[in-house]
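Attaching a single structure in structure tokens format; questions to follow.
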Amino acid sequence: MNNIGINQRGFSNKVSTLALTLVVLIVQGCGGSGGSNAKESKPSDDFIPVVTQTGIVAFDDASKTAQPIELFLYYPDDTLSNISWQQTTGSELVFHAEHSKGIAFTPSAAGEYSFQVSFIRNGVSETLSHTVITSEERSQISARLGHAALEGSDVSLRASIENAALTNNSIVWQQISGPTVTFSEVTEGQTAVFFKAPTVSADSLLTFTVSASDGATEQQDTIAILVENAATISSDDNTAYDSRLATVFPFNANSPYADVLVNCVYSNSIDFRTSCRFDELPLIAQDTTTPTIDDIMDRVVVSHQWMGQRFKEFLQNSDQQDDFKNLLRATTAIVISYDIRPSYYWVVTGAIHLDPENLWLTPDERDTINQAPDFRASFGNELNFVMPWRYVSNNNYTSFYYPENLRETRDASEGVFDLASLMYHELAHANDFFAQSTWADLDRNDRILDAADKILKSTGIQSDMLSTSLPLNGTQMYSLAQVRYHGETATSSEKNYNPSDVTGFFSPERAPQFYNYTSKREDYAMLFDGFMMKARYDIDRDVAVTSQPQNAGEQYIVTWGQRGRIGDVNIKPRVDYVTRRILPEFTSASNIINNLAAPIAMVSGKTWAENLAISPEVNQANKIVLDSFQLTNSKANRFNANGPMFYEKPIPKRN
């Protein structure tokens, strides 16, 4: 048994001379900040590894409380499988990657903690153990979260500062060992940094430090990432996913589809020409039109077990009308992985892909999620207006953002509305391509994408029919949506449109949101999810046209806005059209739509925040349900300036 402990954490003030000497002796090469996000084309192995022995590698044998600790199973020249980590002594700790090569955990109390890992190495079963000791001293800064990642994967690191005297603008990140990485953004003063795991020819360890100062003293922490060698991703045009995906697995190991799920829906080996057929992975509806939660969980793929468990709890506690069970029939699988952002449905695999941001309950769960921003975050910054939106009820927000630094646990009920709206949206896409009217005619010998192509070429899918029967107009809005949501370059005219111009384009139209103009598919889904949130939860969606803030802290000034726009007399027929087709079981929907109240106008000239309290009365019965969602000091109101946290992943163009 060969256990290695390299103590590089718990630094106060300067890095200790001994530790620094050790790093200099065994490491060559450091990374810097800034630069591009380009993928390396060859392994960057021109370095001396941080360790040259094998076994359990620990960087935290002596650490402080509230300081993350990482343990890695390091055998770069061997094949490992069936990995299972267990804690054997000490106060109970939480870690969420017990079957990977690396685990991380955060002791909240001083003491001795022991671990055991069992695994198969080159066909032979082995077991190793290791002990770490945590002191009474509490860490003032910590770097989260050490883990194992495949080469080419997106990696995010986040600093948590417990001592308020340490200022964010003093934060400095530095790579101190391993193959050099290129950070995708400037790192100085940032609590979070992002990079792609470098290409390697064998498993390799990277270490980084993060420090912050109060002006007199500096506090520092170190974090490690194990980069795993992985098969090269094909550059062929028929490769479905040409960037590295996270390692995922079936939530239910005993699922009848356990052997095919990953390779059919979330793998770099998926090829458009050889993707799965319905006889390998059918729609849920092809197995049963009355699925149970267990039937659905047999189709769930996750990067971490907790994600599937939280999704299961959502179905158990928040699907009393069976909406989601019914809507999920049009899917083959549900993928929930730490690297998914934004959420999407993809007809290539027939699966919905969910960002786990709406599922976490504990800080430890949240730590496992990649914090990279939505790739669309900067789209449309050159435009001279913003169209924010939010969900509200009883003149209050129903969605909140928890700052990562606060390390808070949230109640499951506080994520219900965000997850419900996301599910309604993504499942509208699934039921657009594979509506109930098509299920009986699907050929099990067809590939999923080929089946969708047949429908598109014969009758068109449901959103095509909507665009013909009840089309949107608004040429300017379509063009502006390509800038805001697809990253197209704005023309000089588009850059000069002011909020009054956009109000003139949008307000007479038949779309409830700006996002409807991104595509026919999104128009269809947005009509459905907004109505379902109103029908099931009495939650309205606000939309406005505002100024584009030029400086931090500047307010959004409303030129025009409405609450409950789906109640517009010209929009109701379109809402009814999609709801009848997506969820025919909702037989009372048409009556609810007919009785939707007219939109409530916002007050021009007031800020977006000042226009929150515009509803004329409070539904006291519903207020009881929503009391837990009132704003506190620990969470901030969430609204969206650049669109929803989901998107339409387009059908690929094939030769």
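Among the residues of region 108-118, write down those that are on the phi < 0 side of the Ramachandran plot and either buried (at least 23 other Cβ atoms within 10 Å of the Cβ) or part of a strand (DSSP E or B) (or both).
Passing the criteria: Glu112, Tyr113, Ser114, Phe115, Gln116, Val117, Ser118.
Of all residues in region 169-193, count the ones that are assigned to a loop (DSSP other than H, G, I, E, B), closer than 21 Å to Leu150 by Cα and of a type in the set (A, V, I, L, M, F, W, C).
Of the residues in region 169-193, 1 are assigned to a loop (DSSP other than H, G, I, E, B), closer than 21 Å to Leu150 by Cα and of a type in the set (A, V, I, L, M, F, W, C).
Restricting attention to region 454-466, which residues are buried (at least 16 other Cβ atoms within 10 Å of the Cβ) and assigned to a helix (DSSP H, G or I)?
Within region 454-466, Ile455, Gln462, Ser463, Asp464, Met465, Leu466 qualify.
Something else: Within 22 Å of Tyr478 (Cα to Cα) and in a helix (DSSP H, G or I): which single residue out of Arg510, Arg521, Arg581 fits that description?
That would be Arg521, the only listed residue that is within 22 Å of Tyr478 (Cα to Cα) and in a helix (DSSP H, G or I).
OK, next. Taking region 524-549 as the search range and keeping residues that are hydroxyl-bearing (Ser, Thr, Tyr) and part of a helix (DSSP H, G or I), which one is surrounded by the fewest Cβ atoms within 10 Å (Cβ to Cβ)?
Taking region 524-549 and keeping what is hydroxyl-bearing (Ser, Thr, Tyr), we get 524, 537, 546-547.
Add one more test, that the residue is part of a helix (DSSP H, G or I), and what stays is 524, 537.
Details: Tyr524: 27, Tyr537: 19.
Checking each candidate, the answer is Tyr537.
So, Arg484, is that one touching a strand residue (DSSP E or B) at 6+ places or on another chain (Cβ under 7 Å) and either in a helix (DSSP H, G or I) or at pLDDT below 95 (or both) or not?
It is false that Arg484 is touching a strand residue (DSSP E or B) at 6+ places or on another chain (Cβ under 7 Å) and either in a helix (DSSP H, G or I) or at pLDDT below 95 (or both).
For region 63-84, what are the residues that are assigned to a strand (DSSP E or B) and closer than 28 Å to Leu406 by Cα?
Here is the first cut: in region 63-84, the residues assigned to a strand (DSSP E or B) are 63-65, 69-74, 80-84.
The answer is Ser63, Lys64, Thr65, Ile69, Glu70, Leu71, Phe72.
Applying the selection to region 194-213, what residues are more than 19 Å from Leu145 (Cβ to Cβ) and in contact with a helix residue (DSSP H, G or I) (Cβ under 8 Å, 6 or more places away or on another chain)?
Ser213
Next up: Among the numbered criteria (1) within 17 Å of Gly152 (Cα to Cα); (2) charged (D, E, K, R); (3) free of Cβ contacts under 8 Å to residues at least 12 places away in the same chain, which one does Asp259 miss?
(1)
Same structure again: I'd like to know if region 69-89 contains one or more residues that are buried (at least 19 other Cβ atoms within 10 Å of the Cβ), touching a helix residue (DSSP H, G or I) at 6+ places or on another chain (Cβ under 8 Å) and not hydrophobic (A, V, I, L, M, F, W, C).
no
Check whether at least one residue in region 577-590 is within 20 Å of Gly504 (Cβ to Cβ) and surrounded by 13 or more Cβ atoms within 10 Å (Cβ to Cβ), and report yes or no. If you could, list the steps in order and put the result at the bottom.
Of region 577-590, the ones within 20 Å of Gly504 (Cβ to Cβ) are none.
Looking for residues that are within 20 Å of Gly504 (Cβ to Cβ) and surrounded by 13 or more Cβ atoms within 10 Å (Cβ to Cβ), one finds none in region 577-590, hence no.
Another question about this same structure. Condition (residue is surrounded by fewer than 15 Cβ atoms within 10 Å (Cβ to Cβ), assigned by TED's automatic domain parsing to the domain that holds Ser213 and either touching a Ser or Thr at 6+ places or on another chain (Cβ under 6 Å) or assigned to a loop (DSSP other than H, G, I, E, B) (or both)) applied to region 127-134: is it met by at least one residue?
yes
A follow-up question, please. Could you look through region 214-273, keep only residues that are crowded, with 20+ Cβ neighbours inside 10 Å and among the acidic types (Asp, Glu), and pick out the one that is farthest from Ser337 (Cα to Cα)?
Per the criteria, the residue is Asp221.
Which one of the conditions (1) part of a helix (DSSP H, G or I); (2) out of contact with any strand residue (DSSP E or B) (no Cβ under 7 Å at 6 or more places or on another chain); (3) among the charged types (D, E, K, R) does Glu426 fail to meet, given that it meets all the rest?
That leaves (2) as the condition not met.
Follow-up question, since we're still on this one. Among the listed residues Asn405, Asn384, Asn395, identify the single one that is touching a strand residue (DSSP E or B) at 6+ places or on another chain (Cβ under 9 Å), more than 28 Å from Asn498 (Cβ to Cβ) and of a type outside the set (A, V, I, L, M).
Asn405
The values are calculated or read from the model by the stated rules, or taken from the named source; none is laboratory data. Predicted model, so just to flag it, every value in this text is computed and none were measured. Glycine gets a Cβ as well: all are built from the backbone with ideal geometry, and neighbour counts include every protein chain shown.
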